[in-house]
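Worksheet: the structure to be examined is printed underneath.
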Amino acid sequence: MCRSCVKEEYPDRESVCLESGSYMMNYAGCSQCGESSAIVMVNKQTTEDEDGQEVITYQHICQSCSHVIANHEHVFHVEDDYQVYGMYCLLCGQADDQRSILPCDPNGPRKDSSDFD
């Protein structure tokens, strides 16, 4: 992982949990070759443990020189009546979220940032 390639290390993404893609707004450019071209995802693996937790991992690399920018991890599991998501990545940030699997969320409607305008 390369701290020089990102503008901010592990930015707080609140509930935005990406299982694919890259957070390009946080990409400062490749510290190895100086390019700021596209980032490529490689070595994607999906594993599931005996408890049903799914983990997706991959690497963000520079398209020009294959320099490793960050390792990305996305976690998903079902806990009680909720789908629980998590993300941890130097480039994309850290976040967690949960969604009810029931037709009506027992905790009530979710609050979005737009609810506070």
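For this structure, a couple of remarks:
- Counting only strands (runs of 3 or more DSSP E) that fall entirely inside region 10-101 and contain at least 1 residues that are acidic (D, E), open to solvent by 30 Å² or more (accessible area, probe 1.4 Å) and in contact with a Ser or Thr (Cβ under 6 Å, 6 or more places away or on another chain), the qualifying elements are 68-79.
- The condition (being modelled with pLDDT of 90 or more and of a type in the set (F, W, Y)) is satisfied by just one residue among Y82, Y58: Y58.
- Of the residues making up region 32-43, none is modelled with pLDDT of 90 or more and among the hydroxyl-bearing types (S, T, Y).
- Inter-residue pairs, beta-carbon under 6 Å, first among the β-branched types (V, I, T) and in region 23-42, second loosely packed, with under 15 Cβ neighbours inside 10 Å and part of a loop (DSSP other than H, G, I, E, B), 6+ apart: V40/Q63
- Condition check for A38: more than 11 Å from I69 (Cβ to Cβ) and in contact with a helix residue (DSSP H, G or I) (Cβ under 9 Å, 6 or more places away or on another chain): yes
- In region 90-101, the residues that are of a type in the set (K, R) form Cβ pairs under 7 Å with partners that are surrounded by fewer than 18 Cβ atoms within 10 Å (Cβ to Cβ), at six or more places apart or across chains, as follows: R99/Y82; R99/Q83.
- Failed item, numbered, when C17 is tested on (1) under 15 Å from C89 (Cβ atoms); (2) modelled with pLDDT of 90 or more: (2)
The values are calculated or read from the model by the stated rules, or taken from the named source; none is laboratory data. It should be emphasised that the depicted structure is a prediction, and the values quoted were computed from it without experimental measurement. A quick note on method: Cβ atoms are made from the backbone with ideal geometry, for glycine too, and the neighbour counts reach across all protein chains shown. Protein only, heavy atoms only, side chains kept; ligands, DNA and RNA dropped before computing areas. Shrake-Rupley method; radii C 1.70, N 1.55, O 1.52, S 1.80 Å.
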